[in-house]
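A.B. asks: Take this structure first; my questions come after.
The values are calculated or read from the model by the stated rules, or taken from the named source; none is laboratory data. Everything quoted here is computed from the prediction, not taken from an experiment. Cβ placement follows ideal geometry from the backbone for every residue including glycine, while neighbour counts extend to all protein chains displayed. We work out accessible area using only protein heavy atoms, side chains counted, and drop any ligands, DNA or RNA first. Shrake-Rupley method; radii C 1.70, N 1.55, O 1.52, S 1.80 Å.
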Amino acid sequence: MKRAPAAPAPEPLITVLGASGFVGSAVVRALARRPVRLRLVARRPAVPAPGPAGTTVVTADLTDRTALAEAVAGSDAVVHLLLGDGGWRAAESDPGAERVNVGVLRDLVDLLRPAVPGAPPPLVVYGGAASQVGAPPREPLDGGEPDHPETAYDRQKLTAERLLMAATADGRVRGISLRLPTVYGEGAASGATDRGVVSAMARRALAGDALTMWHDGTVRRDLVHVDDVAAAFTAALDRPAPLVGGHWLIGAGRGDALGDVFRLVARAVSGHTGRPPVPVVSVEPPSHAPVTDFRSVTIDSSAFRAATGWHPRTTLPEGVDRTVAALARQLREEAKCR
């Protein structure tokens, strides 16, 4: 008597928390191209991306522990990309920011269980921040520096990362933290807008306003396009073994001077509008500007590259032009609706 063939194992279930956000929607777009099960979780409905992935959309407030438990149940891997509504600056004054930035991660590692009894602990890939180190003690950063966070947001991100690493040491999860640089680019889904410096300057230039700097323009940032950041998350999901239990810096390794970046934005906007490039000028900084805004950052991500094979593919001129083109289209569409 022949035995019936064993049922094929289900495709892995990857849950993306913060799936409607700027980075989250780019990660969703990258994962949707794979034959996996995707669960997209956010406070506002996330938009499924085209591809062979089987996608489920869950709308939930993840600060509610019960809702979080339901959202991650049965997950083989969780990509944690939550960000409060006010962004990183809101952490200084919003008492609810700590619950989003720390409390959800604390609950997550307590709630997660292997999808199948006896299986390895669930994988958690956490979106950290390169700025957790505080004022950069050297250039380039390589991840070996001691952390002395300067802002409430960075202190909260570091606390959450340490909770993840402690849960990994205890064998409850397999945690990986990707410390992200300055991310920029065009949104992968409607409403998933970039609130970073490149898009902010592109919007100003499209409005015909001068681009202002709080310094002389020589301060550098390590800028990585959001599609390349999404590729870093998929690389971590593909090759987790050497990464588990550590934090890894993601960066282009260039350290672009912001004065040059702003002038590149002004020229890109000029190319799309036909108007002369707007001026780039230095102004007095506001009193609330954190010290990290005046320190240069260049990132050496060679450790992550060696472990995964990842490297950024989008050049800065290409990425800026794509960002400007997307914002220009958005403005034209908004004008038609008025």
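A.B. asks: Using the Kirkwood radius built from alpha carbon pairs, what does the Stokes-Einstein equation give as D for the chain at 20 °C and 1.002 mPa s, in µm² per second?
C.D. replies: D = 103 µm²/s.
A.B. asks: If each residue of separation counts as 0.36 nm, what is the full-extension length gain between Arg195 and Thr315 once their alpha-carbon separation is subtracted?
C.D. replies: Fully extending the segment from Arg195 to Thr315 adds 41.2 nm.
A.B. asks: I'd like to check one number: the per residue accessible area of segment 136-283, probe 1.4 Å, reported in Å² as a whole number.
C.D. replies: 39 Å²
A.B. asks: Could you tell me the relative contact order of the chain? Use alpha-carbon pairs under 8 Å, at least six residues apart, and round to a whole percent.
C.D. replies: Relative contact order, the chain: 17 percent.
A.B. asks: Over segment 209-338, what relative contact order in percent results from Cα pairs under 8 Å that are six or more residues apart?
C.D. replies: Rounded, it is 41 percent for segment 209-338.
A.B. asks: Can you give me the C-alpha center-to-center distance between segment 18-65 and segment 135-155, rounded to a whole angstrom?
C.D. replies: Segment 18-65 and segment 135-155 have Cα centres separated by 30 Å.
A.B. asks: Please find the FRET efficiency linking Asp238 to Val116, where r is the Cβ-Cβ separation and R0 is fixed at 22 Å, and quote it to the nearest 0.05.
C.D. replies: Computed FRET efficiency for Asp238 and Val116: 0.60.
A.B. asks: Follow-up. Per the 1.4 Å probe, what fraction of the accessible area of the chain, in percent, lies on carbon and sulfur atoms?
C.D. replies: 54 percent
A.B. asks: What are the ³J(HN,Hα) values, in whole Hz, obtained from phi via the Karplus relation 6.51 cos²θ - 1.76 cosθ + 1.60 with θ = phi - 60°, for each residue of segment 265-274 in sequence order, with x given for Gly and Pro?
C.D. replies: For segment 265-274, the Karplus curve yields 4, 4, 5, 5, 5, 4, x, 8, 10, x Hz.
A.B. asks: How much length is gained if the chain between Arg138 and Glu284 is pulled fully straight, taking 0.36 nm per residue apart and subtracting their Cα-Cα distance, in nm to one decimal?
C.D. replies: 50.0 nm
A.B. asks: Just to confirm, what accessible area per residue do you get for segment 2-83 at 1.4 Å probe, in whole Å²?
C.D. replies: 49 Å²
A.B. asks: Starting from the amide H of Gly175, placed 1.01 Å from N in the peptide plane, find each other amide H under 5 Å away whose residue is 5 or more places distant or on another chain.
C.D. replies: Val124, Thr168, Gly245
A.B. asks: Once the Cα gyration tensor of segment 62-172 is diagonalised, what are the square roots of 5 times its eigenvalues, in whole Å and ordered largest first, as equivalent ellipsoid semi-axes?
C.D. replies: 26, 18, 10
A.B. asks: Quick check: Cα centre of segment 237-285 to Cα centre of segment 297-338, how many Å?
C.D. replies: 8 Å
A.B. asks: Here's a follow-up. Distance in nm between label sites at Arg329 and Asp94, each 7 Å beyond Cα in the beta-carbon direction?
C.D. replies: Here the answer is 2.8 nm between the modelled labels.
A.B. asks: Under the definition of Cα pairs under 8 Å and six or more residues apart, what whole-number percent is the relative contact order of segment 134-247?
C.D. replies: 30 percent
A.B. asks: While we're looking at this one, here's another question. Short version: ³J(HN,Hα) in whole Hz for each residue of segment 158-172, in order, from phi by Karplus 6.51 cos²θ - 1.76 cosθ + 1.60 (θ = phi - 60°), x for Gly and Pro, what are they?
C.D. replies: 5, 4, 5, 4, 5, 4, 5, 5, 5, 5, 5, 4, 7, x, 7
A.B. asks: Please express the shape of segment 244-315 as an equivalent ellipsoid: the semi-axes are the square roots of 5 times the eigenvalues of the C-alpha gyration tensor, given largest first in whole angstrom.
C.D. replies: 31, 20, 8
A.B. asks: Right, next: Over all directions, what mean area does the Cα convex hull of segment 202-338 project, stated in square nanometres?
C.D. replies: Seen from a random direction, the Cα hull of segment 202-338 projects 10.7 nm² on average.
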